[in-house]
Structures are given as structure tokens and as C-alpha cells.
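Report on the following structure.
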Amino acid sequence: MKKVLFIEHDHVSLGGPIWRAFEARGYAVERFLVVPESSYSAPNVTVTFPNFSDFDIIVPMGAPYGAYEDDRIGNWLTPELAALKVAHNAGQPILGICFGGQMMARTLGGSVARAPRAELGWYTIDTDDETLIGSGPWFEYHWDRWVSPPQATEIARTDLAVQAFTLGRTLALQFHPEIDPVVLEEWLAMEGGCAEVEAEGVDVSDLRAQTKALQPITDQNAFDLVNNFLDRVATAPVMSVA
């Protein structure tokens, strides 16, 4: 059976409809946790990653850390960036989500930095190719943004940040297609989770209600995105970077 590896950088990185979409396409979902809950406040752990070449697809997930914070998480960030670059150059399909998308921007020649403000909640995005990346709604939960690699093709954006690019068999996303009510509750249950959301002017009750109401649409969006990734990006010509 084909295998997809989800790299979970913290203990609440559930895959929601993204897991289900890969399973519907015949993939066995395997998960690798980088920072366990016990190390959440001291995340610079030492990690032995699985051999990425043992998997058909790699999906680096989100994180509460910055993809530029080498001092804070460099013990595992630097090795993961290097391994992702090797995998990309070998033609292994990679779907990077939020922090994972920022990692792909950095490792393929772009850069990542703090944004002037957060994007948090459900958004529609501007897209150059609705048949690859739909306009949403998509869930945003980030304070950072990237500059795309020179060889990349930018696909989608908001007025604040690039939301998607492709480069060879890599698709990088800034938004979170994995969010459904279950995943959202895991995030809100984190210490300070509700306060963090409300600090950005978002009402938690409204966010919960909106996420529940939108689920039939957003689940389908996630399935469409995975299918488009597998059919178009994962089979694209290989484009290596120096």
C-alpha cells in the first residue's frame, strides 16, 4: 500500500479531512511527532526522523514556532529542512501546510519572516488557478509569511501573504485545509488557545459556530485540494534546487 507521512511538529497537529482524503485515494497515513506535549515549552528537542524515501508522499504540518527560529528549534528544524530538500530534489511529492509550507519556501530558496499582523479565521483567497487551489473558504492561523523561492510559481495570495506556490512536485500552502470542528477544538484546548484567538479580535464562540456550519464545504475543499495535488503536482516534472 502507498504511504503518506505526516510530520506533526506539535501534539495537536491532527489531519482532519486531509487524512481522510489521502485514505480515500488508497494511502496509509503514518504520523511522526517531532515535539511531544511534555516538551511543548522547551521545543528544541533532538529528533531522529524517519527515512523520507520510505514514503510516497511527505506532508510537513503546522507548528506554533517560526520556520526561521533556528535558536529556538534548530536541533530539529535544520535537519528537517535538509531532509526535505533532499526529498524534493529526488522528486518526492511534498505537501507543506502553514509552517510546513514556510519550511518549503525557506529550504527551496525563499525566506520566512514575521508578518505585520496575523491572519486568523476563515478567509477567501485570490487564486490564479481555481482548478488547483480554490478560493476557499480556508482557515488561516499564522503570524508569519514567506517570500517564495525564485523558481516557484505562485498560485494564490491574500493582501497579507502568499497562500500557495508550486515548485516541481512540491505544493506549499499558508492556510490550513485540515481544519474541522474536531481539529479546531484541539487547538483551542491548548493552554492560552482561546486567549490567543480573542487577542486577534476573533470571538471563539463565533469561530466554533462558523467552523461547524462550513464543514460540508471545507471538507470538500480539502478533498479537492488533495486530489488536485496528487493528480497534478505529485506527477509534475522534477525541479531540483541548489
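Key figures
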read-out	value
Residue count for the stretch 146-178, restricted to those that are in contact with a helix residue (DSSP H, G or I) (Cβ under 6 Å, 6 or more places away or on another chain), closer than 22 Å to L230 by Cβ and not in a loop (DSSP other than H, G, I, E, B)	5
Residue match in the stretch 90-113 (condition: in contact with a Gly (Cβ under 8 Å, 6 or more places away or on another chain) and basic (K, R))	no
Spans of helices (runs of 4 or more DSSP H) in the stretch 1-115 with at least 2 residues surrounded by fewer than 15 Cβ atoms within 10 Å (Cβ to Cβ)	16-24, 70-89
V226, sole failed condition from (1) of a type outside the set (K, R); (2) over 16 Å from the mean Cα position of the chain (by Cα); (3) over 18 Å from M103 (Cα atoms)	(2)
Any chance P181 is touching a helix residue (DSSP H, G or I) at 6+ places or on another chain (Cβ under 7 Å), more than 22 Å from D219 (Cα to Cα) and in contact (Cβ under 8 Å) with a residue 12 or more places away in the chain	no
Number of positions in the stretch 197-238 that are among the acidic types (D, E) and touching a residue at least 40 places away in the same chain (Cβ under 8 Å)	3
Qualifying residue in the stretch 114-126 (condition: out of contact with any Lys or Arg (no Cβ under 8 Å at 6 or more places or on another chain) and either under 22 Å from I57 (Cα atoms) or of a type in the set (S, T, N, Q) (or both))	yes
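Read the figures in this text as sums done on the coordinates, not as results from a lab. Note that the structure is a prediction, hence the values are computed from the model and not measured. Glycine also receives a Cβ, built like all others from the backbone with ideal geometry; neighbour counts cover every protein chain displayed.
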